[in-house]
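Here the structure comes first, spelled out in C-alpha coordinates, and everything after it is commentary.
The values are calculated or read from the model by the stated rules, or taken from the named source; none is laboratory data. Computed from a predicted structure; not experimentally measured. Positions of Cβ are generated from backbone atoms using ideal geometry, with glycine treated the same way; all protein chains shown enter the neighbour counts.
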(Lines give C-alpha, C1' and ligand atoms only; values in the text may rest on other atoms or scores of the structure.)
Protein backbone atom coordinates (compact mmCIF):
# COMPACT_ATOMS: atom_id res chain seq x y z
CA UNK A 1 0.00 0.00 0.00
CA UNK A 2 1.26 3.46 -0.92
CA UNK A 3 1.49 5.98 1.94
CA UNK A 4 2.54 9.29 0.44
CA UNK A 5 4.39 10.49 -2.61
CA UNK A 6 4.33 12.10 -6.03
CA UNK A 7 3.57 10.71 -9.50
CA UNK A 8 3.47 12.12 -13.00
CA UNK A 9 -0.11 13.16 -13.89
CA UNK A 10 -1.86 11.69 -16.94
CA UNK A 11 -0.93 13.53 -20.10
CA UNK A 12 2.48 14.57 -18.73
CA UNK A 13 4.26 11.20 -18.91
CA UNK A 14 6.41 12.14 -21.92
CA UNK A 15 7.25 15.70 -20.77
CA UNK A 16 10.40 14.87 -18.76
CA UNK A 17 8.89 15.88 -15.40
CA UNK A 18 11.13 15.51 -12.34
CA UNK A 19 9.65 14.08 -9.16
CA UNK A 20 10.05 16.51 -6.23
CA UNK A 21 12.93 16.23 -3.76
CA UNK A 22 13.80 17.94 -0.51
CA UNK A 23 16.85 20.21 -0.68
CA UNK A 24 18.36 19.13 2.66
CA UNK A 25 17.93 16.43 5.31
CA UNK A 26 15.83 18.75 7.51
CA UNK A 27 13.79 20.45 4.78
CA UNK A 28 10.04 20.19 5.43
CA UNK A 29 9.06 20.92 1.85
CA UNK A 30 9.56 19.09 -1.41
CA UNK A 31 10.71 21.44 -4.18
CA UNK A 32 8.20 21.61 -7.04
CA UNK A 33 9.32 22.55 -10.56
CA UNK A 34 7.40 24.22 -13.37
CA UNK A 35 6.40 21.65 -16.01
CA UNK A 36 6.66 24.15 -18.87
CA UNK A 37 7.74 27.70 -19.69
CA UNK A 38 5.22 30.28 -18.45
CA UNK A 39 5.14 34.09 -18.57
CA UNK A 40 3.63 35.77 -15.52
CA UNK A 41 2.36 39.17 -16.60
CA UNK A 42 2.94 42.14 -14.30
CA UNK A 43 0.00 42.85 -12.05
CA UNK A 44 -2.74 45.20 -13.22
CA UNK A 45 -6.20 45.58 -11.66
CA UNK A 46 -8.53 42.86 -12.88
CA UNK A 47 -5.77 40.48 -13.97
CA UNK A 48 -6.31 36.84 -13.04
CA UNK A 49 -3.56 34.79 -11.42
CA UNK A 50 -1.27 32.80 -13.70
CA UNK A 51 -1.51 29.04 -13.32
CA UNK A 52 1.78 27.18 -13.57
CA UNK A 53 1.44 23.46 -14.29
CA UNK A 54 3.56 21.00 -12.34
CA UNK A 55 2.76 17.85 -14.33
CA UNK A 56 2.39 16.13 -10.95
CA UNK A 57 -0.21 14.55 -8.73
CA UNK A 58 0.31 13.73 -5.07
CA UNK A 59 -1.09 11.03 -2.82
CA UNK A 60 -1.31 10.84 0.96
CA UNK A 61 -3.25 9.14 3.75
CA UNK A 62 -6.94 9.92 4.29
CA UNK A 63 -6.14 12.02 7.40
CA UNK A 64 -3.41 14.03 5.65
CA UNK A 65 -3.23 16.84 3.12
CA UNK A 66 -0.49 18.54 1.14
CA UNK A 67 0.13 22.23 1.66
CA UNK A 68 1.53 24.20 -1.28
CA UNK A 69 3.60 27.22 -0.27
CA UNK A 70 5.69 29.85 -1.97
CA UNK A 71 9.47 29.70 -1.86
CA UNK A 72 11.06 32.16 0.54
CA UNK A 73 12.62 33.86 -2.49
CA UNK A 74 9.24 34.20 -4.26
CA UNK A 75 8.17 37.54 -2.75
CA UNK A 76 11.69 38.94 -3.24
CA UNK A 77 11.19 38.23 -6.95
CA UNK A 78 7.72 39.81 -6.88
CA UNK A 79 5.81 36.51 -6.98
CA UNK A 80 2.92 36.09 -4.54
CA UNK A 81 0.72 33.00 -4.48
CA UNK A 82 -2.79 34.10 -5.33
CA UNK A 83 -4.34 31.83 -2.69
CA UNK A 84 -1.53 32.40 -0.13
CA UNK A 85 -1.44 28.67 0.64
CA UNK A 86 -2.70 25.82 -1.49
CA UNK A 87 -4.36 22.76 0.03
CA UNK A 88 -4.49 19.41 -1.76
CA UNK A 89 -6.87 17.00 -0.06
CA UNK A 90 -6.22 13.25 -0.10
CA UNK A 91 -9.25 12.68 -2.36
CA UNK A 92 -7.91 15.05 -5.05
CA UNK A 93 -5.49 12.34 -6.20
CA UNK A 94 -6.63 10.65 -9.41
CA UNK A 95 -9.93 12.55 -9.61
CA UNK A 96 -11.99 12.09 -12.78
CA UNK A 97 -11.62 15.66 -14.03
CA UNK A 98 -7.84 16.15 -14.09
CA UNK A 99 -6.28 13.02 -12.49
CA UNK A 100 -5.18 15.17 -9.53
CA UNK A 101 -2.77 17.35 -11.52
CA UNK A 102 -1.97 20.33 -9.32
CA UNK A 103 -0.81 23.82 -10.24
CA UNK A 104 0.67 26.82 -8.49
CA UNK A 105 -1.04 30.17 -9.09
CA UNK A 106 0.85 33.44 -8.87
CA UNK A 107 0.49 37.19 -9.16
CA UNK A 108 3.54 39.18 -10.29
CA UNK A 109 4.07 42.48 -8.47
CA UNK A 110 7.16 43.53 -10.42
CA UNK A 111 6.93 46.31 -13.00
CA UNK A 112 7.75 43.82 -15.76
CA UNK A 113 6.71 40.33 -16.84
CA UNK A 114 8.51 37.39 -15.22
CA UNK A 115 9.57 34.37 -17.24
CA UNK A 116 9.38 30.98 -15.54
CA UNK A 117 11.31 28.25 -17.33
CA UNK A 118 10.54 24.53 -17.31
CA UNK A 119 12.46 23.06 -14.38
CA UNK A 120 12.51 26.27 -12.29
CA UNK A 121 11.53 25.56 -8.70
CA UNK A 122 8.28 27.48 -8.16
CA UNK A 123 7.19 26.35 -4.72
CA UNK A 124 7.17 23.66 -2.09
CA UNK A 125 4.80 20.88 -1.04
CA UNK A 126 4.56 19.85 2.62
CA UNK A 127 2.72 16.76 3.91
CA UNK A 128 0.61 17.40 7.03
CA UNK A 129 -1.87 15.56 9.22
CA UNK A 130 -5.25 17.07 10.14
CA UNK A 131 -7.83 16.32 12.80
CA UNK A 132 -11.64 16.12 12.90
CA UNK A 133 -14.04 17.48 15.49
CA UNK A 134 -15.97 15.00 17.64
CA UNK A 135 -19.25 15.81 15.90
CA UNK A 136 -17.98 15.77 12.30
CA UNK A 137 -20.49 14.05 10.03
CA UNK A 138 -19.20 14.85 6.55
CA UNK A 139 -19.73 12.02 4.08
CA UNK A 140 -19.65 13.82 0.71
CA UNK A 141 -17.49 12.22 -2.00
CA UNK A 142 -15.38 14.37 -4.38
CA UNK A 143 -16.60 14.20 -7.97
CA UNK A 144 -14.13 16.46 -9.78
CA UNK A 145 -10.89 18.39 -9.77
CA UNK A 146 -9.90 21.98 -9.03
CA UNK A 147 -12.74 23.92 -7.37
CA UNK A 148 -15.12 20.97 -7.36
CA UNK A 149 -15.90 20.92 -3.63
CA UNK A 150 -17.79 24.24 -3.74
CA UNK A 151 -20.23 23.12 -6.46
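For the range 33-47, the count of residues that are farther than 23 Å from residue 131 by Cα, surrounded by fewer than 14 Cβ atoms within 10 Å (Cβ to Cβ) and within 15 Å of the chain's Cα centre (by Cα) is zero. If the condition is being within 15 Å of the chain's Cα centre (by Cα), over 16 Å from residue 119 (Cβ atoms) and in a loop (DSSP other than H, G, I, E, B), then the range 5-21 contributes only 9.
Restricting the search to the range 34-48, which residues are under 15 Å from residue 112 (Cα atoms), touching a strand residue (DSSP E or B) at 6+ places or on another chain (Cβ under 7 Å) and assigned to a loop (DSSP other than H, G, I, E, B)?
41, 43
Residues satisfying the criterion are absent from the range 109-116 (criterion: exposed (fewer than 10 other Cβ atoms within 10 Å of the Cβ) and modelled with pLDDT under 80). Screening residue 51 against (1) surrounded by fewer than 17 Cβ atoms within 10 Å (Cβ to Cβ); (2) under 13 Å from the mean Cα position of the chain (by Cα); (3) more than 20 Å from residue 12 (Cα to Cα) leaves a single unmet condition, (3). Looking only at residues in the range 125-143 that are surrounded by 10 or more Cβ atoms within 10 Å (Cβ to Cβ) and assigned to a loop (DSSP other than H, G, I, E, B), the one that is modelled with the lowest pLDDT is 142. Within the range 57-94, the set of residues being surrounded by 15 or more Cβ atoms within 10 Å (Cβ to Cβ), in a loop (DSSP other than H, G, I, E, B) and touching a residue at least 60 places away in the same chain (Cβ under 8 Å) comprises 60 only.
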